[in-house]
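Data first, discussion second: the structure below is written as structure tokens.
The values are calculated or read from the model by the stated rules, or taken from the named source; none is laboratory data. Just so we're clear, the structure is a prediction, and the values are computed from it rather than from any experiment. When we count neighbours, we look across all protein chains shown, and the Cβ atoms used for this are built from the backbone with ideal geometry, even at glycine.
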Amino acid sequence: MATYRFATVPSGGDRIVYQDGALRVPANPIIPFIEGDGTGPDIWRASVRVFDAAVALAYGGERRVHWMEIFAGEKSNTQHGTWLPDETLDAVREFRVAIKGPLTTPVGGGFRSLNVALRQTLDLYATVRPVRWFEGVGAPVKEPGKLDIVIFREAIEDVYAGIEYKAGTPEAAKVRDFLVREMGAEILDQSAIGIKPVSEFRSKRLMRMAIEYALTHGRDSVTIMHKGNIQKFTEGAFRTWGYEVATQEFADRTVNEADLDQHGGHAPAGRIVIKDRIADAMFQQLLLRPSEYSVMVTQNLNGDYISDAAAAQVGGLGLAPGANIGDGVAVFEATHGTAPKYANKNKINPGSVILSGVMMFEFMGWTEAAALVVKGLETAIRSGKVTYDLARQMAYATEVGTSAFGDGIIAGMRK
Ligand code: NAP
């Protein structure tokens, strides 16, 4: 076991173990949490009560989470003089499943983003974002309920790998020089240069995870979103490798869209359809024909864009959960930021972290607790007593604060 200077390992809890490619979750797991900055404490206070209530109701005292606070962000910097202590990464590695609130990205710090650092250091290679509509929530489209997708976004490479050279620097000049002289590229002098690495290994493991998810969650298709018509050797290869995983590793469980004609236009029973769409077309498809899409796999940048667009389509960021998943380790998180103007006002919507907790319970196999949280949230929204962001989009709603919304979710689990 790692030693912890800032965090305290709770007594009475056990570690989640990863063995033979599967998680073994004890009845009393230790789960590290990062409270988060800005509105993080308000959100966490409400969320943890919802999680504990769901577990208590689902398992009648036979299971209980032992929460272990770990530190990152402003709170960590203020209390311990470091934005991201090594022991926080150790704790996630050791205890396997963690959950976090939003973190401030330090301006001018030693790294670009705490979230990117967490993903890259722990090799949490899939950013997973389910997007669905909750009945009653106001949305900018006429039929938001037709959208129900899970986005798997590559989290390590693409233009997010951070390989960039500033215009006017000797490094940029050296890279340009090589590309112009050795490779025959045409690049203007004084250009900034960014590199987009896309590897077979990382593309394939993401596709594998997405197909496995679709198969175990009864989803009917996996769509590869890419810009391969223009970026042939990066985005185009991502598409090719995606199809290769389907045909070489899941031949008896998948069928390519192009081959559907051979099966009367429908996927044979027990198989999922693998298809691909060019990124720009994908944006309009999600708006115009949302029900034709289920699981989506994309590179890092396209995934970033489509996640927010999809969340907006069903009513916004307040109910958009996320997870950063690697092999046998995962950090669940809100997709929104710290919303600092609402900090300590008991105002913000805790729904994003609460739904991230639903993903966490599902990942752990605690599906009964997950279902209770969803039921509680649906009931709370139907009651019309919701936080400001939802209230302003609903016709007959009463605005309540963060903690009262949490109370409503807990009460809703029993209805
Ligand atoms: P933000 O914190 O996401 O807030 C932007 C707006 O989104 C808010 O003003 C609010 O809109 C709405 N919003 C955010 N969270 C909400 C919630 N829980 N419920 C309802 N509405 C919510 O984005 P930002 O102001 O650009 O970023 C602030 C800080 O967060 C920055 O330091 C940034 O780096 C960081 N950040 C962290 C993460 C992360 O940790 N995963 C992600 C993104 C940004 P209204 O004003 O319309 O109510």
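Going through the stretch 391-404 one residue at a time, which ones are within 16 Å of the ligand (Cβ to nearest atom) and either touching a residue at least 24 places away in the same chain (Cβ under 8 Å) or of a type outside the set (Gly, Ala, Ser) (or both)? Within the stretch 391-404, ARG392, GLN393, MET394, GLU399, VAL400, GLY401, THR402, SER403 qualify.
Please indicate, with yes or no, whether at least one residue in the stretch 264-272 is surrounded by 13 or more Cβ atoms within 10 Å (Cβ to Cβ) and part of a strand (DSSP E or B). Scanning the stretch 264-272 turns up at least one residue that is surrounded by 13 or more Cβ atoms within 10 Å (Cβ to Cβ) and part of a strand (DSSP E or B).
Across the stretch 353-390, the qualifying residues are those that are within 16 Å of the ligand (Cβ to nearest atom), among the small types (Gly, Ala, Ser) and in contact (Cβ under 8 Å) with a residue 60 or more places away in the chain, and the one among them that is nearest to PRO26 (Cα to Cα) is GLY357. Looking at ALA246, ALA312, ALA281, just one residue is in a helix (DSSP H, G or I) and either in contact with a Gly (Cβ under 7 Å, 6 or more places away or on another chain) or closer than 24 Å to GLY401 by Cα (or both), and that residue is ALA312.
Name the helices (runs of 4 or more DSSP H) wholly within the stretch 320-395 that hold at least 2 residues that are crowded, with 23+ Cβ neighbours inside 10 Å and modelled with pLDDT of 95 or more? Result: 351-364, 367-383.
Just checking, which of LYS146, LYS75 is charged (D, E, K, R), in the same structural domain as MET296 (by TED's automatic domain parsing) and more than 19 Å from the chain's Cα centre (by Cα)? Exactly one of LYS146, LYS75 is charged (D, E, K, R), in the same structural domain as MET296 (by TED's automatic domain parsing) and more than 19 Å from the chain's Cα centre (by Cα), namely LYS146.
Answer yes or no as to whether ARG176 is of a type in the set (Lys, Arg), within 36 Å of the chain's Cα centre (by Cα), at pLDDT 95 or above and not in a loop (DSSP other than H, G, I, E, B). Yes; evaluated as a whole, the condition is true for this residue. Residues that are modelled with pLDDT of 95 or more, of a type in the set (D, E, K, R) and assigned to a loop (DSSP other than H, G, I, E, B) are absent from the stretch 66-80.
Name every residue in the stretch 362-390 that is under 13 Å from VAL137 (Cβ atoms) and charged (D, E, K, R), in order of residue number. Within the stretch 362-390, GLU378, ARG382, ASP389 meet the criteria.
A single entry from GLU244, GLU257 fulfils the requirement of being surrounded by fewer than 20 Cβ atoms within 10 Å (Cβ to Cβ) and over 23 Å from ASP327 (Cα atoms): GLU257.
Listed here are the residues, each with its yes/no results for (1) closer than 24 Å to TYR18 by Cβ; (2) more than 10 Å from the ligand (Cβ to nearest atom).
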{"site": "ALA309", "(1), (2)": "no, yes"}
{"site": "VAL314", "(1), (2)": "no, yes"}
{"site": "ALA323", "(1), (2)": "yes, yes"}
{"site": "LYS347", "(1), (2)": "no, no"}
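Scanning the stretch 147-163 turns up at least one residue that is in a helix (DSSP H, G or I), buried (at least 18 other Cβ atoms within 10 Å of the Cβ) and not basic (Lys, Arg). Listed by position, the strands (runs of 3 or more DSSP E) inside the stretch 7-65 whose residues that are free of Cβ contacts under 8 Å to residues at least 40 places away in the same chain and not charged (D, E, K, R) number at least 1 are 17-19, 22-24.
So which residues in the stretch 68-94 are surrounded by fewer than 17 Cβ atoms within 10 Å (Cβ to Cβ) and in contact with a helix residue (DSSP H, G or I) (Cβ under 9 Å, 6 or more places away or on another chain)? THR82 - this is the single residue of the stretch 68-94 that is surrounded by fewer than 17 Cβ atoms within 10 Å (Cβ to Cβ) and in contact with a helix residue (DSSP H, G or I) (Cβ under 9 Å, 6 or more places away or on another chain).
Rundown of residues vs (1) at pLDDT below 95; (2) buried (at least 22 other Cβ atoms within 10 Å of the Cβ); (3) not β-branched (Val, Ile, Thr), yes/no style:
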position: ARG96; (1), (2), (3): no, yes, yes
position: VAL107; (1), (2), (3): yes, no, no
position: LEU118; (1), (2), (3): yes, yes, yes
position: VAL128; (1), (2), (3): no, yes, no
